[in-house]
Amino acid sequence: MAPVHFGACRALRALLLLGGALALPARENAAQQRSLDTRDPQQAQDSTFAKAYAEWTVNPRHGSPLVDHLPLVPGVPTPRDVLGYHIGAPRTLTYYADQLRYYRALAKASPRVRVETIGRSDEGRELVVVWISSEANLQRLEQNRKNLARIADPRGMREADVKALLAQTKPHYHLMGGLHSGETGPSEMLMELAYRLATETSPLITQIRDELFVSLTPAADADGRDRNVDWFKRNLLLNQPTGTAQAPSAAAPNDTARRPAPGAPGAAAGGSVPYWGKYVYHDNNRDINIKLVQMRAIIDWYFTAFPPIMHDLHEAQPLLYTYTGGPPQNPNLDPILFAELPWFGNWEMAQLTKWGMPGVYTHAFMDGWSPGYLGSVAYNHNGLMRMYETQSGRDLDSAAIANARKGVAVGPAAQGGGFGGRGGAVPTGRGGAQEREWYRGNPIGFNDLATFTRRSNANYMQTGVLSALQLASMFPQTVLENFYVKTRNSIEEGRTKAPHGFVIPVQRDMTRVAEFVNLLRVQRIEVGQATQPVRVGNATYPAGSYVIKRDQPYGRLAKNLLERQQYPDARLNTYDDSGWSMGLAMGVDIVEVADSAILKVPVTPVDRVVPKGTLAGAGGKAIAVAHLGSNHMVTFRFLLRNIPMKVAEAAFAAGDPTSPAGP
């Protein structure tokens, strides 16, 4: 690929927005100049929604003019038309099948919405992605997907080709809800968001629709979603708390409403669902080896759409945390990423602070170190992973609501869905008696936590998401150009900086090697099989060894997964894994190659490796199966469970090579 240079400043244009020093493309200038009005005065509004909003948003600080209304469009169903209730209704959650029923009704009624099936869950539920954009954009959806795929791998393109391609492409912003299915609010909010994006004619929403493709995953853990709704309804019948109580956090250490009193109904069995998914209780978001069916379906879909931005919606922290990639930061991720993250996060905090919403913050919770989250598929592949943690919504009784409106302290209240998160880090940013923190615009005040209802949860998340979409729609070419430049940087780094590649030699247990290589291929890392011996320093590895060259779009990801992690600073705590070296974890020998000659080694591209065994020797009296640690030995023993077998207590010679103890 011939190098394409737009100038160093353009790649980081996001940091210079207010200075006005850069000449932006005409299309981007036009996008920025549109009105920011949050309503179309000519559009009819739903009076039943306005009444419910006022009733359920107990604390007026918990809302914004972006979400305090809902348009009415003849023939296009609101969530209430299909489900029987508005989003944020007290003591109400929606089963996954009903969510799909709503999205299909919306898609049937609006040419601005499509539903795409991407697979099946462990328990057979249909997995979908819902698309929303202008009618004209959706007519070009497949072409836009092809354009993004080319931007994701620009090798062979000239500078003029890249510029023309960017100008013909619109960014794709993907939202995910319900990955942790006990965090129930995102899946509810997304239904209202989809309706609003499809129907509202305010200048702000129209701009989002015109400039972006928006897509969403309604419930990433569809099986767990239904199990949590079952448990929620069971608790309602038993008059027990309707969710998992969250522990008090560093941001609100005295919030006793976050934890039921010992022995209180629901303090143990009542509040917490026994398990969620078929194989994983909570941490499907740490599936770095991509073993779970639902996670694999979303990742496989990613490589058909290449969204430059993926936004994962969670619940845990008061009142809304927007991820900005704090320290420690992974040095294998492009530095542009760590400029984009605070660009979006600070914009969202500024917008919600402008609306008077307390408790929105950008710092002191999560870092930019681990590559193992589901949303990491975006930044691992040169895009942008975004994440929220929003306070879970509560169900308040009439007395609590009355007290709140009188300015009286509200006592402990039943929680909404939410697994509960770790508290924020120790630093507060306060100086002396200053209440406000540098990373939290409006501090959490009196009754802000205790009055945070399900509708408050929807208001916060949706206001944040709409603000993020607004920013992306104002700078669509910046989003796309950064996506391209990060990919270009990955390819160039592999050419100019060691290590230039890795070799996986032929070794005794090739089943583990096959699993290892196939996992790299799931991540779309290019792997080749050497057609001749490979010399690295004083060692020579035989033909058939696997070679990973780093001059490829995902060369940085290959380095991140294959090298041994060097934690940057022992004084820093990491939110998640500190190391994940795949060779050590999977028992596979890997050779790091500093010589750029590895880039010219002839290889045959590998799509998928299917391990094959061999049978040697003669006689037929017995067969010795070497146990070299392969996971396939479990399957082997199960399939031949009726055949007598013995285990060797010591190594023995059976031809060449020696068989270890244990076969």
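Among the residues of the range 156-173, are any within 30 Å of R227 (Cα to Cα) and open to solvent by less than 10 Å² (accessible area, probe 1.4 Å)? Yes, there is a match, as at least one residue in the range 156-173 is within 30 Å of R227 (Cα to Cα) and open to solvent by less than 10 Å² (accessible area, probe 1.4 Å).
Screening the candidates I309, I299, I290 for the property of being surrounded by fewer than 21 Cβ atoms within 10 Å (Cβ to Cβ), under 23 Å from R386 (Cβ atoms), modelled with pLDDT of 95 or more and not acidic (D, E) yields one hit, I299.
In the range 606-628, the residues that are closer than 30 Å to Q523 by Cβ reach residues that are open to solvent by 70 Å² or more (accessible area, probe 1.4 Å) with C-beta atoms within less than 6 angstrom, at least six apart or across chains, in these pairs: L628/R508.
So is R140 over 23 Å from the mean Cα position of the chain (by Cα) and in contact (Cβ under 8 Å) with a residue 40 or more places away in the chain or not?
Here the answer is no, as R140 does not meet what is asked.
Can you pull out the residues in the range 346-387 that are closer than 27 Å to G579 by Cβ and either among the small types (G, A, S) or in a helix (DSSP H, G or I) (or both)? Matches in the range 346-387: A364, G368, S370, G372, G375, S376, V377, A378, Y379, N380, G383. Every condition in (1) surrounded by fewer than 18 Cβ atoms within 10 Å (Cβ to Cβ); (2) touching a Pro at 6+ places or on another chain (Cβ under 9 Å); (3) within 25 Å of A458 (Cβ to Cβ) holds for A378 except the one numbered (1). What are the pairs with Cβ atoms under 7 angstrom where one residue, in the range 104-123, is without any contact (Cβ under 8 Å) to a residue 60 or more places away in the chain and crowded, with 16+ Cβ neighbours inside 10 Å and the other, located anywhere, is among the β-branched types (V, I, T) and part of a loop (DSSP other than H, G, I, E, B)? Sequence gap at least six, or different chains. Close Cβ pairs satisfying both conditions: A109/V76.
Of all the numbered requirements in (1) among the β-branched types (V, I, T); (2) in contact with a Lys or Arg (Cβ under 7 Å, 6 or more places away or on another chain); (3) over 30 Å from A585 (Cβ atoms), V527 misses one, and that requirement is (3).
Mind listing whichever residues of the range 350-364 are aromatic (F, W, Y) and within 16 Å of V465 (Cβ to Cβ)?
Once the filter is applied, which keeps residues that are aromatic (F, W, Y) and within 16 Å of V465 (Cβ to Cβ), the range 350-364 yields only W355.
Can you find a residue that is open to solvent by less than 10 Å² (accessible area, probe 1.4 Å), over 27 Å from the mean Cα position of the chain (by Cα), touching a residue at least 24 places away in the same chain (Cβ under 8 Å) and farther than 30 Å from L93 by Cβ anywhere in the range 483-496? Checked the range 483-496: no residue is open to solvent by less than 10 Å² (accessible area, probe 1.4 Å), over 27 Å from the mean Cα position of the chain (by Cα), touching a residue at least 24 places away in the same chain (Cβ under 8 Å) and farther than 30 Å from L93 by Cβ. Could you say whether any residue in the range 613-626 is open to solvent by less than 30 Å² (accessible area, probe 1.4 Å) and in a loop (DSSP other than H, G, I, E, B)? Checking the range 613-626: not a single residue is open to solvent by less than 30 Å² (accessible area, probe 1.4 Å) and in a loop (DSSP other than H, G, I, E, B).
The values are calculated or read from the model by the stated rules, or taken from the named source; none is laboratory data. None of the values given here were measured: they were computed from a predicted structure. Because the Cβ atoms are built from the backbone with ideal geometry, glycine has one as well, and the counts that use them run over all protein chains shown. Ligands, DNA and RNA are excluded from the accessible area calculation, which covers all protein heavy atoms including side chains. Shrake-Rupley method; radii C 1.70, N 1.55, O 1.52, S 1.80 Å.
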